[in-house]
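In what follows, a single structure is set out as structure tokens and then discussed.
The values are calculated or read from the model by the stated rules, or taken from the named source; none is laboratory data. Keep in mind the model is a prediction, meaning the values are calculated, not measured. All Cβ positions, even for glycine, are placed from backbone atoms using ideal geometry, and neighbour counts span all protein chains on display.
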Amino acid sequence: MCGIVGYVGTDHAKEKIIDGLKRLEYRGYDSAGIALPIDGKIQVRKAVGEIKNLEAKIASPDFDAPMGIGHTRWATHGEPTELNAHPHLNMEETIAIVHNGIIENYQEIREWLATEYGIVFKSETDSEVIAHLIGLFYDGDLLEAVNKAVAEMRGAYAVVAIAVDEPDKIVAVRKDAPLVAGIGKGFNFIASDIPAVLKYVQGNIYLIENNETVVLTKDDIVIYDENGNKVDREIYVVDWKADSADKADYDHFMLKEIHEQPAVISETLMSRLNPDDSIRLDDISLTKEDIDNFNKIYIVACGTAYHAGLVGKMVIEKMAHIPVEIDVASEFRYRDTFIDDKTLFIAISQSGETLDTLAALRDAKERGARILSVVNAVGSSIARESHDVFYTLAGPEVAVASTKAYTTQLICMYLIGLYMGSTRGTIDKDYYNYMLGELKALPEKVSRVLENEEFLKNLAARYYFKDNVFFIGRGLDSGVSYEGSLKLKEISYIHSFAIAAGELKHGTIALMDSESLVVALATQDRLYEKMVSNIVEVQARGARIIGMAKEGRTEIEKTSDEVIYIPQCADEVAPVLAVVPLQIFAYYVALERGCNIDKPKNLAKSVTVE
Ligand code: F6R
């Protein structure tokens, strides 16, 4: 969602800020802005739309300074307009701020500032109140003014502020929104996300914790806790290569990330296996006693990560014989759940910053659950607030539509299921060895699926104009149907709908006619016959069918107009192979329709608001 970059050094702040904002572009935004202190005044430039529109407005060499702050905004309060874009100024234009998050009591503060102090607001945003509050409390010390302003605010925020009277200093504060400081030599950065600063600071960063305030000058970064005490923070060294967020020879990050799947699946899996094929969870503190003690598991996540959880539920129940409930985080937070110290709570998140998932985790933790998170972004809030973290080694995922994070999340689900199953004695050695063999074969099998790209591209060319697409499946295939449907709708804007195939005749089949396209997944041997019956039902209503089955299951050709084959495999691991053609199909449909594939409209990569 919104991105923040602040720089304090000796020269050309605008170049570094713009570069950092571009590295956060993939998260989604609709306007951008930058503020620099120049000749005793804070000068702000803003533009709606892409960062290049902002670049055009700051091209003049006169618009430059050794420090400044920038922001990409994803509209929540108020339309995406220049007035609503950040940075925001106080009335005297002596303070500028950028903000990620939501100020829940902004209406109250707005009214108070307007009535008591005659402050006139220029934007419709919640964020503008922060600039006015800091301005009100400013008396030559920006840190003090920020602290006083924060005391008035409720909500979630990462705020970065500058004052015209202290042009060598940036002050930032965080509560429930990510913030990192990048440690340079003779310069320093503050940013909402690591990729923005990685290149400049050789991976050396400080992770800023909740309720901490940071003061940055070009030579120093000082972190204070909520009581104003200095914090001695260890440097966190990030080993991601700064250039790993490059498209290489691909037209889009999404396609590149789809093709990275054999490698990242292998890495996620092999990093967890000992030479004797036992699962290595040495950094995870779950003992046999803990595992035996659990009588319930909640898996909680959003979007694609939730879809990985749907598969995870079935896999863990099958292997570990523990009841697993799965919920989207925004629902979990507000329902009555049964959590105690016998509950294992598994949060799944690529970004590790999704606010609903984080809030659900905190709630479960407070009520005594053991928290295990499956996260991709190292050092993210969800990772830090969990008792244990199982990292997906997918590397940075840049395309908004998640692909490689999903398949690596599935690998984690299998490993968790197998580990718990073997610890609890609910699976035997033969099954364990068989499943490990199946998992190890996945990278090569995914590569074979990727070789089908041309076929899938042609398929997309034949169906890209459809208005309605249905994804159906049974068992594990139903989980994959949801993900296939989400991929298609989010990047191609085609209306698509996923449903467990057995549920079709309870209503949804009423929508089927000769215009419908149905993607029918039949990869589960156990449910194959039943699935074919469901395909026949929709075929009888005139729908076009793209069937999917394992190689050798050629009977499906009788009931499908097109067939996608995936390599033979155990039913359990079929989701990893089944989702890949659906990702590629969605990609080429979106390409045919001329969509902005890596940055679909209205979507953000990291959803840090409720
Ligand atoms: C869809 C997609 C989203 C995310 C969801 C959760 O392709 O990427 O549905 O899966 O916003 O995000 P994380 O995994 O970062 O918690």
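For region 496-524, a residue qualifies if it is of a type outside the set (A, V, I, L, M, F, W, C) and in contact (Cβ under 8 Å) with a residue 12 or more places away in the chain, and the qualifying residues are S496, G502, K505, T508, D513, S514, E515, S516, T523, Q524. For A364, the conditions (1) out of contact with any helix residue (DSSP H, G or I) (no Cβ under 7 Å at 6 or more places or on another chain); (2) at pLDDT 95 or above; (3) within 15 Å of the ligand (Cβ to nearest atom); (4) of a type in the set (G, A, S) are fulfilled apart from (3).
Does I69 fit the bill of being touching a Gly at 6+ places or on another chain (Cβ under 6 Å), of a type outside the set (S, T, Y) and part of a strand (DSSP E or B)? Yes: the conditions hold for I69. Scanning region 342-359 for residues that are assigned to a helix (DSSP H, G or I) and within 11 Å of the ligand (Cβ to nearest atom) turns up L355, D356, T357, L358. For region 314-336, the criterion of a residue being modelled with pLDDT under 95, hydrophobic (A, V, I, L, M, F, W, C) and within 16 Å of the ligand (Cβ to nearest atom) is satisfied by at least one position. Within region 519-531, is even one residue acidic (D, E), within 34 Å of the chain's Cα centre (by Cα) and at negative phi? There is at least one residue in region 519-531 that is acidic (D, E), within 34 Å of the chain's Cα centre (by Cα) and at negative phi. Picking from residues in region 487-504 that are surrounded by fewer than 23 Cβ atoms within 10 Å (Cβ to Cβ) and aliphatic (A, V, I, L, M), the one that is farthest from Y587 (Cα to Cα) is L504.
Given the condition in contact with a helix residue (DSSP H, G or I) (Cβ under 8 Å, 6 or more places away or on another chain), buried (at least 20 other Cβ atoms within 10 Å of the Cβ) and assigned to a strand (DSSP E or B), answer yes or no: does some residue in region 20-31 qualify? For region 20-31, residues in contact with a helix residue (DSSP H, G or I) (Cβ under 8 Å, 6 or more places away or on another chain), buried (at least 20 other Cβ atoms within 10 Å of the Cβ) and assigned to a strand (DSSP E or B): absent.
Among the residues of this structure, P567 counts as one that is within 31 Å of the chain's Cα centre (by Cα), more than 16 Å from the ligand (Cβ to nearest atom), surrounded by fewer than 21 Cβ atoms within 10 Å (Cβ to Cβ) and touching a residue at least 40 places away in the same chain (Cβ under 8 Å). No other residue among L521, L527, L504 is touching a helix residue (DSSP H, G or I) at 6+ places or on another chain (Cβ under 9 Å) and closer than 22 Å to A461 by Cβ apart from L521. When you scan region 447-488, how many residues do you find that are closer than 30 Å to E529 by Cβ, not hydroxyl-bearing (S, T, Y) and not in a loop (DSSP other than H, G, I, E, B)? Final tally of qualifying residues: 24.
Residues are listed down the side, and each one gets a yes or a no for (1) buried (at least 22 other Cβ atoms within 10 Å of the Cβ); (2) of a type in the set (F, W, Y); (3) not assigned by TED's automatic domain parsing to the domain that holds F338:
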position	(1), (2), (3)
A364	yes, no, no
S381	yes, no, no
Y406	yes, yes, no
I411	yes, no, no
D428	no, no, no
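Residues in region 277-291: is at least one without any contact (Cβ under 8 Å) to a residue 40 or more places away in the chain, within 14 Å of the ligand (Cβ to nearest atom) and within 27 Å of V446 (Cα to Cα)? No, every residue in region 277-291 fails to be without any contact (Cβ under 8 Å) to a residue 40 or more places away in the chain, within 14 Å of the ligand (Cβ to nearest atom) and within 27 Å of V446 (Cα to Cα). What about K601, is it buried (at least 22 other Cβ atoms within 10 Å of the Cβ), within 16 Å of the ligand (Cβ to nearest atom) and not assigned by TED's automatic domain parsing to the domain that holds I472? Here the answer is no, as K601 does not meet what is asked.
Here's the yes/no breakdown for (1) more than 13 Å from I97 (Cα to Cα); (2) touching a residue at least 24 places away in the same chain (Cβ under 8 Å); (3) outside the structural domain of L179 (by TED's automatic domain parsing); (4) charged (D, E, K, R):
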{"position": "P37", "(1), (2), (3), (4)": "no, yes, no, no"}
{"position": "I42", "(1), (2), (3), (4)": "no, yes, no, no"}
{"position": "V48", "(1), (2), (3), (4)": "yes, yes, no, no"}
{"position": "E55", "(1), (2), (3), (4)": "yes, yes, no, yes"}
{"position": "G78", "(1), (2), (3), (4)": "yes, yes, no, no"}
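Close Cβ contacts (under 7 Å, 6 or more residues apart or on different chains) running from residues in region 475-495 that are over 13 Å from I597 (Cβ atoms) to residues that are more than 15 Å from the ligand (Cβ to nearest atom) and of a type in the set (F, W, Y) comprise S485/F497.
For region 122-141, the set of residues classified as among the aliphatic types (A, V, I, L, M) and crowded, with 22+ Cβ neighbours inside 10 Å consists of V129, I130, A131, L133, I134, listed by residue number. Among the residues examined, I297 qualifies as more than 16 Å from the ligand (Cβ to nearest atom) and over 30 Å from L255 (Cβ atoms). The set of residues from region 398-428 being closer than 30 Å to Y493 by Cβ and either of a type in the set (G, A, S) or more than 16 Å from the ligand (Cβ to nearest atom) (or both) comprises A399, A401, S402, A405.
Remark: pairs (first residue in region 343-367, free of Cβ contacts under 8 Å to residues at least 24 places away in the same chain; second residue surrounded by fewer than 24 Cβ atoms within 10 Å (Cβ to Cβ); Cβ separation under 6 Å; 6+ apart in sequence or on different chains) = K365/I371. In this structure, L486 does satisfy being modelled with pLDDT of 95 or more, among the hydrophobic types (A, V, I, L, M, F, W, C), outside the structural domain of S402 (by TED's automatic domain parsing) and within 16 Å of the ligand (Cβ to nearest atom). Looking across region 367-397 at every residue that is within 13 Å of the ligand (Cβ to nearest atom) and in a helix (DSSP H, G or I), the one that is farthest from M270 (Cα to Cα) is identified as S381. Taken over region 185-217, residues that are under 21 Å from L24 (Cα atoms) and among the hydroxyl-bearing types (S, T, Y) amount to 3.
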